[in-house]
Amino acid sequence: MPMTRKPFPFIACAVLLAAIAFVPLSASDDARAALDRFLKGLETYSAEFAQTLTDETGFVLQEADGRFSIGLPDRLRWELDAPFEQQIVADGEYLWIHDPELRQATVRPVDAALEATPLALLTQPHRLDEQFLVAEEEVAEGWRLVLRPLAPDADFTRLEVDLGPKDELLGLAFMDIFGQRTEIQLQETQRNPVLPPGEFRFTPPPGTDVYRP
């Protein structure tokens, strides 16, 4: 069995305890339309990000920087910098989670690994209505979608997606079982960039223990 440590990845084993009220979206709602416009013609995407974990009082527990890229559908590379170094790579068939500090990697079939996580929004947008109950909330500028997963084994219960006034993706946020909130603010975004040939391949480094749950 793999060792475990307090995770700080985009994939977080999380369940929200607070009760959340959702208002169903109509076909004309601006937030959903903004997301559809953002996704239209999207094939690849990359960004740097700043990630912050706060407790239920708003106290900052951890901060980290990183970068990610996606290739639709089902391909992703998500990297956190030290001291919370971690790699998440989906190659279209399998999803790898690599912890360099523990010298461990976990691999699962991509569909089973993604559908119960916030990553499904980025890698499987064509399944949005199949996987989520979609609602919206008012924000000062732009739009916010609130997604509630339909999968009974989902590892989160609330995901916020913020879109700017030009239909750009600004950030994401979700909460864990302890009321902790993870916010991801995007920077240096690129729409449909040309990515390196090996961007979505992962080979475990020598000495890495590989687990297949």
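A short reminder: the numbers here are calculations on the coordinates, not readings from a lab. The shown structure was predicted, so the numbers you read here are calculated from the model rather than taken from an experiment. A quick note on method: Cβ atoms are made from the backbone with ideal geometry, for glycine too, and the neighbour counts reach across all protein chains shown.
Summarised in one figure, the compactness ratio Rg/Rh of the stretch 141-213, Cα atoms and Kirkwood Rh, is 1.08. Ordering V89, L61, L72 by the projection of their Cα atoms onto the charge dipole of the stretch 57-100, which places +1 on the Cβ of Lys and Arg and -1 on the Cβ of Asp and Glu, puts L72 at the extreme positive end. Return the FRET efficiency for the residue pair T52, E188: r is the Cβ-Cβ distance, R0 is 22 Å, and the value is rounded to the nearest 0.05. Once the sixth-power term is evaluated, E becomes 0.80. Shown for R212, R181: other C-beta atoms within 10 Å of each C-beta, ranked fewest to most, produce the order R212, R181. Rounded to the nearest Hz, the phi-derived 3J(HN,Hα) couplings of the stretch 195-205 under the Karplus curve 6.51 cos²θ - 1.76 cosθ + 1.60 (θ = phi - 60°) are 9, x, x, x, 4, 10, 10, 9, 10, x, x, where x marks glycine and proline.
As a proxy for reagent exposure, ranking T203, T106, T208, T182 by other Cβ atoms within 10 Å from fewest up yields T203, T208, T106, T182. Dipole size of the stretch 131-213 about its Cα centre, with +1 on Lys/Arg Cβ and -1 on Asp/Glu Cβ: approximately 320 debye, rounded to the nearest 20.
Would you mind ranking V107, V194 so that the residue whose beta carbon has the fewest other beta carbons within 10 Å leads the list? Could you put the intermediate results ahead of the total?
Values: V107 20, V194 7.
Fewest to most other Cβ atoms nearby, the residues stand as V194, V107.
Please compute the net charge surrounding G71, taking Lys and Arg as +1 and Asp and Glu as -1 over other residues with Cβ under 12 Å from its Cβ.
Details: positive: R75, R77, R201; negative: E43, D74, D91, E199.
After counting each charged neighbour, the total is -1.
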